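The values are calculated or read from the model by the stated rules, or taken from the named source; none is laboratory data. Model, not experiment: these values are computed from the prediction. With ideal geometry, Cβ positions are generated from the backbone for all residues, glycine too; neighbour counts draw on all protein chains shown.
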Amino acid sequence: MKLGETDFIETGSGEKVILVHSSVAGAKQWRSLMETLSNDFHVIAINLFGYGDTRSWEVDGTQRLTDQARLIEPFLPKGTGKISIVGHSFGGCVAMMAAAMFNNKVRRLVLIEPNPFYLLQKFERAEAYQEAVILRDAIKSNGKSGTWAAAAEVFANYWTGAGSWDAMPDDRKAKFARALIPNFHEWDAVMNEVKSFAEWQRDLPNDTTIVSARDTVRSIREIVELMKEHVPEWRFKQIERGGHMAAMTKPDVINPIVLSALT
């Protein structure tokens with residue numbers, strides 16, 4: 001279904017919870033969580049630019065998190081009603097910006113392994129930031145030349161472990177490479193943001209929960225460390241194993257944490 005230009009899927013009834021997917025995945029990544037939340041909430045999983053039936057990013061100029069966050073605006077309640085937002089990875093960054101832009105409408109925020117990489121540069125986490133730069137450059141260079149399979153190999157091996165690309169069947173590789181195309185512009189949004197921690201602290205709800213995995217990649221681990229240091233009043237939940245993709249690969253662990261954070 002579409003509301004405005006935003007494609008979405010929905011289930012349940014009650015107060016709205018908006019789910020924002022990670023790069024490559026699309027709204028369907030949330031099927032399991034939607035089932036978990038549907039008894040208590042009206043759950044809406046949106047598709048960001050280039051996913052599902054939401055149009056591709058074709059606007060001249062650099063994509064910003066504010067552009068993606070506006071896809072949530074049509075779902076804001078009228079009057080005094082409020083929503084909660086859950087985001088994973090890049091979707092976590094979009095969720096942060098949406099919560100900041102529409103803060104008078106957002107009750108709770110849950111961020112699973114968010115990736116605002118610009119903060120690593122801002123706080124001189126040079127080695128962790130370089131990991132992100134290498135990955136960005138691989139996506140950008142291969143995207144410009146149209147060699148998306150090469151980009152997908154680097155992307156998959158970084159986020160899900162060395163050798164994960166080779167372990168995929170060929171049909172899965174082709175699908176993954178096609179799904180990666182919107183990520184070309186998403187890098188601009190997460191690398192070029194400028195909001196400070198003071199601004200995030202001011203604009204995001206006090207009821208913000210950060211969920212991460214102990215065995216995640218270094219760039220995410222250090223982003224979470226910075227969040228703990230600069231906004232200690234947020235809640236931080238850590239699982240032992242699951243890596244960056246635990247939202248999809250460990251729903252039995254992640255879903256109860258999200259439900260608890262929202263209730």
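Being polar (S, T, N, Q), more than 30 Å from His230 (Cβ to Cβ) and not assigned by TED's automatic domain parsing to the domain that holds Arg214: is that true of Asn47 here?
Working: polar (S, T, N, Q): yes; more than 30 Å from His230 (Cβ to Cβ): yes; not assigned by TED's automatic domain parsing to the domain that holds Arg214: no.
It is false that Asn47 is polar (S, T, N, Q), more than 30 Å from His230 (Cβ to Cβ) and not assigned by TED's automatic domain parsing to the domain that holds Arg214.
Taking (1) outside any strand (DSSP E or B); (2) within 20 Å of Thr263 (Cα to Cα); (3) over 16 Å from the mean Cα position of the chain (by Cα) in turn, Gln130 satisfies each apart from (2).
The set of residues from the stretch 196-210 being touching a helix residue (DSSP H, G or I) at 6+ places or on another chain (Cβ under 7 Å) and more than 17 Å from Glu113 (Cβ to Cβ) comprises Phe197, Asp203, Pro205.
Residues in the stretch 27-40 that are touching a residue at least 60 places away in the same chain (Cβ under 8 Å) and either among the basic types (Lys, Arg) or in contact with a helix residue (DSSP H, G or I) (Cβ under 7 Å, 6 or more places away or on another chain) (or both) were compared, and the one that is surrounded by the fewest Cβ atoms within 10 Å (Cβ to Cβ) is Ser32. Every condition in (1) without any contact (Cβ under 8 Å) to a residue 12 or more places away in the chain; (2) within 23 Å of Arg64 (Cα to Cα); (3) not in a helix (DSSP H, G or I) holds for Glu193 except the one numbered (1). Here Val154 meets each of (1) under 26 Å from Val258 (Cα atoms); (2) β-branched (Val, Ile, Thr); (3) over 18 Å from the mean Cα position of the chain (by Cα) with one exception, condition (1). If you go through the stretch 95-122 and keep only what is part of a strand (DSSP E or B) and either crowded, with 24+ Cβ neighbours inside 10 Å or out of contact with any strand residue (DSSP E or B) (no Cβ under 8 Å at 6 or more places or on another chain) (or both), you end up with Val106, Leu109, Val110, Leu111, Ile112. The combined condition, being of a type in the set (D, E, K, R), at pLDDT 95 or above and part of a helix (DSSP H, G or I), is fulfilled by Glu229.
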